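The values are calculated or read from the model by the stated rules, or taken from the named source; none is laboratory data. From a predicted model like this one, the values you see are computed outputs, not experimental measurements. FYI the Cβ positions are ideal-geometry reconstructions off the backbone, even for glycines, and counts take in every protein chain you see.
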Ligand SMILES: Nc1ncnc2c1ncn2[C@@H]1O[C@H](COP(=O)(O)OP(=O)(O)OP(=O)(O)O)[C@@H](O)[C@H]1O
Ligand SMILES: [Mg+2]
């Protein structure tokens, strides 16, 4: 069991305008699982993933990550993120002035790798995601699919316990989406990575261990 | 290759270059203004030191030989000369006065030094083969009928209205009286490159004081075993004269000619520092705002606030050091090309460099604190 959430609640705004983006959600995710999160726009998927990924602090509830109860008041959440979590974003969020290789290396330097180790591992990872010949390309010189592969390499680089991907294919065409999802399958097989993906991509559902449907901040079916 | 802060600087190079230029210009100005004041301080002391006198005597209540208006009658000469501890016959009556001699129909700035040849107060650096000394007055003491030749020795920096050197044999006019230039000196200047103009004491009395017997001051040396401080006290007790040591004279002249009038400039220098700090603060702030998404992403993937603040600080430090270094370099270059005497002090340069560096870095640090406000959630959102 890598993630255990109990009664996680996140509200935004105040008074009448208050929105309960995630409403008393409890769930567990086992090591090696591929979990897909689905639901209508605005139902709270991104908020849930941010809570589980220790980017947001919940208003209520408890989160246990890798056997450790998160102490929101006393703990440096950035440390939890760099040690245990990888993120893939809808808009890639690569650093524009760094090459593909450097984008991975910077994440590893943040994660505490030495420069030498980081460079070696970053090359391996980019080769693994099929970008061996794009190492020195800047994000602006890469296609959307290639950028998202760099993102996956970056997310994997610090050996996270779990990867959260928020709509990684939303800005890709269908062929690039297919390719990216093949990569996800391949990573699953090769490394048994635990992955939580928010996606509307249908074809991945048959590979998933679980599909979670959300509505109005709650988990509808699991 | 993974110095992210350097890559970022190359990526945003226009901004980096402009910020650095801003710092360079301000540092150069701060140093130049300091150099101008320092140059003034040096020049204001130059003549006084060159006389090698250590007793400076002016009229009681005048406020000092150079800083107030002092007229002395020659009778004190005997009294001072006979004060124990004053070097025998070293007392030299002197006229030291701002004047505007007319050259080729145009007035120019200068300071008249009227003294007795052979006594203290004359030029120390005459240029060889550039004329001769003026012909001295006929008598050692004052006689109304004594008419010394109208001859002067000028500093080579004294120029005609068109900027040319005044030739030996040239003529200048003071108080409507014609004076012949018979010799030239080198680098004998008062504050702000004001050239000195040497003439016989009697000539000076003639052109400036309608041949009256007054002088502005008397200067003298002490005997080797006597302290100037003690002698000054003793001379002062006379009640009709005001005596000062060399140090006292220098202090009051520096205060009167440099420190007091330059207060506004000192204030301006502090303002320039403030401007340098504000430039760095503002640009860093704006850049940080612009990089919100990038910063949010770095935070989301686990970078600590410290890591990101350091990233920005490294850039600030690099820009500040480059700006300060180039500023110092440019200031020294400009000091050499400046039309007036500018002397940038090395110690002051290091102090200015350190303060400027600290000011710029503090500004950058203040602005970089904005990083703490960036929400890593931004990484999940679309364009701002
Ligand atoms: N910072 C915020 N301030 C106020 N409301 C917010 C904030 N973030 C999210 N919300 C609201 O919380 C709800 C859930 O948002 P969330 O982004 O989690 O939805 P989502 O399921 O990811 O939607 P989408 O599929 O469009 O990405 C939405 O109604 C949204 O407007
Ligand atoms: Mg979303």
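Below, the figures for the structure above:
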{"read-out": "Which numbered condition residue A:35 fails, given (1) within 16 Å of ligand 1 (Cβ to nearest atom); (2) within 26 Å of residue B:294 (Cβ to Cβ); (3) crowded, with 16+ Cβ neighbours inside 10 Å", "value": "(2)"}
{"read-out": "Residues that are under 17 Å from residue B:133 (Cβ atoms) and over 25 Å from the mean Cα position of the chain (by Cα), drawn from region B:157-166", "value": "B:166"}
{"read-out": "For residue B:174: the one exception among (1) surrounded by fewer than 20 Cβ atoms within 10 Å (Cβ to Cβ); (2) at pLDDT 90 or above", "value": "(1)"}
{"read-out": "Enumeration of residues in region B:156-175 that are farther than 12 Å from residue B:101 by Cβ and outside any loop (DSSP other than H, G, I, E, B)", "value": "B:165"}
{"read-out": "Pick from region A:110-121, criterion at the interface with chain B (Cβ under 7 Å from one of its Cβ atoms) and surrounded by fewer than 23 Cβ atoms within 10 Å (Cβ to Cβ), ranking: modelled with the lowest pLDDT", "value": "A:115"}
{"read-out": "Conditions (1) closer than 28 Å to residue A:52 by Cα; (2) facing another protein chain (nearest Cβ under 8 Å); number of the one not met by residue A:98", "value": "(1)"}
{"read-out": "Condition broken by residue A:92, with the remaining ones in (1) away from ligand 1 (no atom under 16 Å from the Cβ); (2) closer than 30 Å to residue A:130 by Cβ; (3) at pLDDT below 95 satisfied", "value": "(1)"}
{"read-out": "Conditions (1) crowded, with 19+ Cβ neighbours inside 10 Å; (2) within 16 Å of ligand 2 (Cβ to nearest atom): number failed by residue A:194", "value": "(2)"}
{"read-out": "Which listed residue is away from ligand 1 (no atom under 16 Å from the Cβ) and either more than 8 Å from chain B (Cβ to nearest Cβ) or on the phi > 0 side of the Ramachandran plot (or both), from A:67, A:61", "value": "A:67"}
{"read-out": "Candidates A:179, A:171, filtered to the one that is within 16 Å of ligand 2 (Cβ to nearest atom) and surrounded by fewer than 23 Cβ atoms within 10 Å (Cβ to Cβ)", "value": "A:171"}
{"read-out": "Candidate set: region A:28-51, residues that are over 18 Å from residue A:204 (Cα atoms), assigned to a loop (DSSP other than H, G, I, E, B) and more than 13 Å from ligand 2 (Cβ to nearest atom); chosen: the one nearest to the other protein chains (Cβ to nearest Cβ)", "value": "A:31"}
{"read-out": "Set A:93, A:103: member being under 17 Å from the mean Cα position of the chain (by Cα), assigned to a helix (DSSP H, G or I) and over 15 Å from residue A:159 (Cβ atoms)", "value": "A:103"}
{"read-out": "Residue in region A:70-84 that is farthest from the chain's Cα centre (by Cα), counting only those that are within 13 Å of another protein chain (Cβ to nearest Cβ) and free of Cβ contacts under 8 Å to residues at least 40 places away in the same chain", "value": "A:75"}
{"read-out": "Test for residue B:341: is it buried (at least 17 other Cβ atoms within 10 Å of the Cβ) and more than 23 Å from residue B:18 (Cα to Cα)", "value": "yes"}
{"read-out": "Flag for residue B:148 being under 19 Å from residue B:48 (Cβ atoms) and assigned to a loop (DSSP other than H, G, I, E, B)", "value": "no"}
{"read-out": "Helices (runs of 4 or more DSSP H) contained in region B:265-384 and holding at least 3 residues within 14 Å of chain A (Cβ to nearest Cβ)", "value": "B:292-300, B:305-337"}
{"read-out": "Some residue of region B:54-62 being farther than 30 Å from residue B:328 by Cβ and part of a helix (DSSP H, G or I)", "value": "no"}
{"read-out": "Only listed residue being crowded, with 24+ Cβ neighbours inside 10 Å, part of a helix (DSSP H, G or I) and touching a strand residue (DSSP E or B) at 6+ places or on another chain (Cβ under 9 Å), chosen from A:154, A:149, A:185", "value": "A:154"}
{"read-out": "Residue within region B:64-75 that is touching a residue at least 40 places away in the same chain (Cβ under 8 Å), at positive phi and either exposed (fewer than 15 other Cβ atoms within 10 Å of the Cβ) or not assigned by TED's automatic domain parsing to the domain that holds residue B:315 (or both) present", "value": "yes"}
